[in-house]
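Novice: I'd like to ask you about the structure that follows.
Where a number appears in this text, it was derived from the coordinates with a stated rule and is not lab data. From a predicted model like this one, the values you see are computed outputs, not experimental measurements. Positions of Cβ are generated from backbone atoms using ideal geometry, with glycine treated the same way; all protein chains shown enter the neighbour counts.
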Amino acid sequence: MKLLLCTISRNNAKRLKSWYNQINALVTLLLEQHDVELSIYENDSNDGTKQRLSKYADRLSKRCKTTLTTTDLGTDHLVGQEGARVKNIANARNACMEQASDLNAFDKIIFVETDVVYNPHEALQLIHHDADIVSGFTTNAMGQFYDAWATRKTSEETWWNHGIPTENTEVWSTFNGVCVYDAKAFQEGARFAGVNPRTGEIDCDTTVICEVFRAMNYDNIVMLPINVRHPPTSIKERLYYFKQQLLRRT
């Protein structure tokens with residue numbers, strides 16, 4: 001298969017070393033069987049993200065075709081109306097895909113966030129799965145389900161409240177940090193957006209793309225019991241994580 005790995009980033013410099021180590025390991029595994037291309041898109045960072053991405057992209061370019069775009073659009077970061085936020089993220093995802101060499105050449109497109117921790121060997125299970133969209137599940141540092149807005153079991157839901165999956169689960173929508181898409185839908189015009197085409201309301205960009213896929217009859221959407229973790233962010237999560245680390249050592 002020909003695979004496109006996509007990453008968008010903004011003001012996440014402190015997580016980029018982990019992102020690089022994981023994506024580099026994943027590329028190593030994939031190159032054993034597949035043709036791999038990497039696309040990285042960044043906008044409006046002011047914390048050193050641009051410089052670090054440039055360094056890592058240069059290293060990765062020696063292993064596979066790698067495209068990096070860094071730009072300043074003047075958009076607010078995670079503030080303002082929710083509609084503006086999801087629109088900005090959707091635009092970044094679309095730009096990341098579209099800057100690749102030839103979108104029509106790929107079999108699958110894999111989005112990997114910069115702030116998640118995953119096992120590259122387990123990521124292979126997602127990439128080799130035959131669903132139209134497939135992901136694992138995310139947890140925060142306290143072991144709670146994380147990507148709850150993007151993950152829904154039915155069309156009526158707006159939030160995941162079904163706990164941690166223990167088996168392959170058919171879902172209405174998913175993302176969860178590492179998500180694999182059948183490239184055909186994108187080649188036929190599917191794109192991320194911030195408005196749900198079924199409800200006409202502002203919605204999570206990764207839920208919207210699942211709705212778009214479904215409308216195009218790409219409706220095999222699955223979440224596997226593969227854990228993708230988010231590092232601690234809040235003080236409560238950091239204290240809990242530190243306590244768990246101490247308990248493991250005793």
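Novice: Percent relative contact order of region 30-177, based on C-alpha pairs within less than 8 angstrom and at least six residues apart?
Specialist: 18 percent
Novice: Evaluate the charge dipole of region 125-188 about its Cα centre and quote only its size in Debye, nearest 20, assuming +1 on the Cβ of each Lys and Arg and -1 on the Cβ of each Asp and Glu.
Specialist: Computed about the Cα centre, the dipole is about 200 debye.
Novice: Further question on the same structure: MET216 versus SER101, label points 7 Å from Cα toward the beta carbon: distance in nm?
Specialist: Result: 2.2 nm between the two label points.
Novice: With a point put 7 Å past each Cα toward its Cβ, work out how far LYS62 is from LEU29 in nm, to one decimal.
Specialist: It works out to 2.3 nm between the two label points.
Novice: I need the shape label for region 151-220. Rule: rounded when a/c is under 1.5, else prolate if a/b > b/c, else oblate, with a, b, c from the alpha carbon gyration tensor.
Specialist: Since a/c reaches 1.5 but b/c is at least a/b, the shape of region 151-220 is classed as oblate.
Novice: Using unit Cβ charges (K, R positive; D, E negative) and no other charged atoms, how large, in debye to the nearest 20, is the dipole of the chain about its Cα centre?
Specialist: It comes to approximately 1220 debye.
Novice: Express the relative contact order of region 86-170 as a whole percentage, based on alpha carbon pairs under 8 Å and six or more residues apart in sequence.
Specialist: Over region 86-170, the number comes to 14 percent.
Novice: What is the dipole size for region 1-133, taken about its Cα centre, with +1 at each Lys and Arg Cβ and -1 at each Asp and Glu Cβ, in debye to the nearest 20?
Specialist: The dipole magnitude comes to about 520 debye.
Novice: Right, another one. Helix-only mean residue ellipticity at 222 nm, the chain, DSSP H runs n ≥ 4 weighted -39,500 (n - 2.57), per residue, nearest 500. What is it?
Specialist: Taking each H run of at least 4 residues, the total per residue is -10500 deg cm²/dmol.
Novice: I would also like to ask the following. Would region 64-176 count as rounded, prolate or oblate if I go by the C-alpha gyration tensor, calling it rounded below 1.5 in a/c and otherwise prolate when a/b exceeds b/c, oblate otherwise?
Specialist: oblate
Novice: Evaluate the relative contact order of the chain (contact order divided by residue number), counting alpha-carbon pairs under 8 angstrom at least 6 apart; express in whole percent.
Specialist: 22 percent
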